[in-house]
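The structure under discussion appears below in the form of structure tokens.
The values are calculated or read from the model by the stated rules, or taken from the named source; none is laboratory data. These numbers were taken from a predicted model, which means no experiment stands behind them. No Cβ is skipped: glycine too gets one built from the backbone with ideal geometry, and neighbour counts run over all protein chains shown. Areas reflect the complete protein model, heavy atoms only, side chains present, ligands, DNA and RNA absent. Shrake-Rupley method; radii C 1.70, N 1.55, O 1.52, S 1.80 Å.
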Amino acid sequence: MNLVRLSPVLLSALIMAAHFYRTGNVGLAVVSTSAPLILFMKRRWVAYVIPGLLLLGAMVWINTTFAFIHIRQALGMPWMRLAVILGTVTLLTALSALVFSRKKLAGTYSRAMETAKPSAAAFFLTGFILTTVQFKVKLPLLLLERFIPGGGWIEIFFLAVYAAFITEKMLDRTQSAKWRRRVWALFSVVFFGQLVLGLAGMEQFLMTGKLHLPIPAMIIAGPLFRWETSIMLFLFAGAVVLIGPAWCSYLCYIGSWDDAASRKRRKPKKLPAWRKPVQIAMFILITLTAVGLRLAGVSMTVATFMGLLFGLAGVGIMVIWSRKSGAMTHCTTWCPIGVLVVWIGKISPFRIRINDSCNDCGICRLSCRYDALNLTDIKKRKPGISCTLCGDCIGSCKDSSIEYRFLGMKAEHAGILFIVLAVSLHTVFLGLGRI
Ligand code: SF4
Ligand code: SF4
């Protein structure tokens with residue numbers, strides 16, 4: 001019965017697919033035929049995403065109609081019949097978006113009702129960012145585009161679906177810490193998996209075809225040494241402006257290693273007070289060394305070797321110190337990017353705060369691996385400077401006393417906004433992040 005109700009949607013998708021196929025865009029033809037597959041998911045966000053896609057499809061038809069009319073007019077050919085046919089197709093596509101307003105059909109898509117709008121927002125935000133990259137960047141950055149022309153569109157669609165699904169999971173405060181670690185680890189596996197394939201000679205898996213060191217410190221040290229910008233530097237800066245220090249807890253490919261190492265110990269210990277000045281000193285040391293090596297004319301081979309030693313030392317710190325302390329010592333003491341993001345990250349208005357319902361029980365302290373939530377911080381009702389907005393402490397508080405804040409926004413809305421942005425950026429990095 002639902003198939004009959006959904007028939008305008010399916011018909012519109014098929015006509016759209018035929019149009020893209022005819023214009024030679026096989027990728028978008030595949031997306032148009034496979035988009036209706038998400039109708040099987042029965043989640044409420046599907047009832048927002050499909051109408052949104054249909055409206056985008058109607059805009060494509062409007063554009064196509066005017067383009068064809070102009071061509072016919074230029075050739076002195078009749079165009080009225082064409083305008084009527086394409087106008088009807090445009091109308092069918094736009095009106096089929098309305099099928100979800102029918103009560104019976106809306107009732108079918110009733111799973112995850114509360115998170116539907118944020119999930120749909122993450123779908124379209126992810127799609128928008130990746131579509132901009134697909135259109136604007138000359139070098140194909142989406143992996144599938146490097147293998148099949150037009151494949152980038154297929155990848156964008158499935159990444160957007162992934163973003164919608166993960167947003168749904170992350171908005172469940174009892175599950176968010178678990179899902180954050182899962183998706184973060186997935187990003188790291190995909191990132192380093194591509195590096196291994198790149199090292200095996202498959203250049204498509206490297207960002208520009210050239211090999212760089214997969215060490216976060218190189219995001220600043222590399223451009224300073226080579227005196228040129230890099231795609232990774234732009235991705236990094238954009239992410240830090242939007243979600244501040246959450247770069248460290250959602251987007252860093254090495255951070256999830258430190259997290260995994262720290263979880264070998266159940267309860268995190270408080271790190272010594274000297275870790276803060278040490279991390280600032282590491283930042284100064286790395287930037288001065290990169291500039292110094294450039295001015296001294298040191299070869300790329302020697303600089304790479306030094307970078308490699310720095311990275312290996314960092315892994316050693318995770319294995320020895322993070323495992324023993326239960327805190328992420330690599331990220332909070334050794335990595336210069338760690339200190340950079342917590343300072344520059346203040347540009348982003350997102351904050352974690354503890355509200356007045358807190359009874360100072362201190363349970364949340366045990367969920368913080370960034371050494372940002374000791375008893376003094378709890379009494380001050382805000383985490384320490386090393387907080388990366390990971391949000392793990394939020395679900396640990398039985399009294400819901402910890403929350404995201406964003407300017408004057410209600411805490412609940414600030415939390416939703418943060419998750420939509422963080423998940424969308426995570427998904428964009430999953431699609432584009434490589435060495
Ligand atoms: S778990 Fe909640 S109530 Fe307990 S100290 Fe932390 S914020 Fe306060
Ligand atoms: S204070 Fe909370 S949000 Fe901040 S790093 Fe610690 S667990 Fe994450």
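Send over a whole-number figure in Å² for the accessible area per residue of the stretch 204-343, probe 1.4 Å. Provide the component values of the computation, followed by the final result.
Numbers: 6500 Å² over 140 residues.
Normalised by residue count, the accessible surface of the stretch 204-343 is 46 Å².
ILE352: net charge of surrounding residues, Cβ under 9 Å, Lys/Arg +1, Asp/Glu -1, itself excluded?
Neighbour charge sum, excluding ILE352 itself: +3.
On a 0 to 90° scale, report how tilted helix 46-74 is relative to the longest principal axis of the chain, with both axes built from alpha carbons and the result rounded to the nearest 10.
The answer is roughly 60 degrees.
Would you work out what percent of the accessible area of the stretch 1-118, with all protein chains in place, is carbon or sulfur (probe 1.4 Å)?
71
What are the aspartates and glutamates whose alpha-carbon lies under 20 Å from the alpha-carbon of LYS42, with same-chain residues fewer than 8 places away excluded?
In chain and number order, the partners are GLU114, GLU168, ASP172.
Express the accessible area of the stretch 1-111 per residue in Å², computed with a 1.4 Å probe while the remaining protein chains stay in the model.
58
If you line up the long axis of helix 151-170 against the longest principal axis of the chain, both from Cα atoms, how many degrees apart are they, to the nearest 10?
Relative to the chain, helix 151-170 is tipped by roughly 60 degrees.
Give me the angle, in degrees from 0 to 90, between the Cα long axis of helix 275-295 and the longest principal axis of the Cα atoms of the chain, rounded to the nearest 10.
70
What trypsin sites (Lys or Arg not before Pro) in the stretch 126-170 are in a loop by DSSP, with at most 11 other Cβ atoms within 10 Å of the Cβ?
LYS138
What is the extension gain from ALA74 to ALA185, computed as 0.36 nm multiplied by their sequence separation minus the C-alpha to C-alpha distance, in nm to one decimal?
Fully extending the segment from ALA74 to ALA185 adds 34.4 nm.
Taking a cut-off of 26 Å between Cα atoms, list the lysines near LYS270, but don't count ones fewer than 8 places away on the same chain.
Cα-Cα hits under 26 Å: LYS178, LYS324, LYS346, LYS379, LYS380, LYS382, LYS398.
Carbon and sulfur together cover what percent of the accessible area of the stretch 201-314 at a 1.4 Å probe radius?
Numbers: 4150 of 5780 Å².
Looking at the stretch 201-314 in its full context, I get 72 percent from C and S.
How much net charge surrounds LYS138 when only other residues with a Cβ under 14 Å from its Cβ are counted (Lys, Arg +1; Asp, Glu -1)?
On the way: positive: LYS136, ARG146; negative: GLU145.
Net charge around LYS138: +1.
Under the rule of -39500 (n - 2.57) per DSSP H run of 4 or more residues, summed and divided by the residues of the chain, what mean residue ellipticity at 222 nm is obtained, to the nearest 500 deg cm²/dmol?
-19500 deg cm²/dmol, from helical runs alone.
Please flag any cysteine in the chain that has no other cysteine's Cβ under 4.7 angstrom from its own Cβ.
Cysteines of the chain left without a disulfide-compatible partner: CYS248, CYS252, CYS331, CYS335, CYS358, CYS361, CYS368, CYS387, CYS390, CYS397.
Go through the stretch 308-354 and name the trypsin sites (Lys or Arg not before Pro) that are in a DSSP coil and have 13 or fewer other Cβ atoms within 10 Å of their Cβ.
none
Place a +1 charge on the Cβ of each Lys and Arg in the chain and a -1 charge on the Cβ of each Asp and Glu, then give the dipole magnitude about the Cα centre in debye, rounded to the nearest 20.
The calculation lands at about 1040 debye.
Determine the sum of side-chain charges near LEU432: Lys and Arg each +1, Asp and Glu each -1, restricted to other residues whose C-beta is under 13 angstrom from that of LEU432.
In short, +1.
Say a site is exposed when it is one of the chymotrypsin sites (Phe, Trp or Tyr not before Pro), sits in a DSSP loop, and has at most 13 other Cβ atoms within 10 Å; what is then the longest site-free stretch of the chain?
Working: sites that count: TRP227, TRP274.
With a cap of 13 other Cβ atoms within 10 Å, the longest stretch comes to 1-226.
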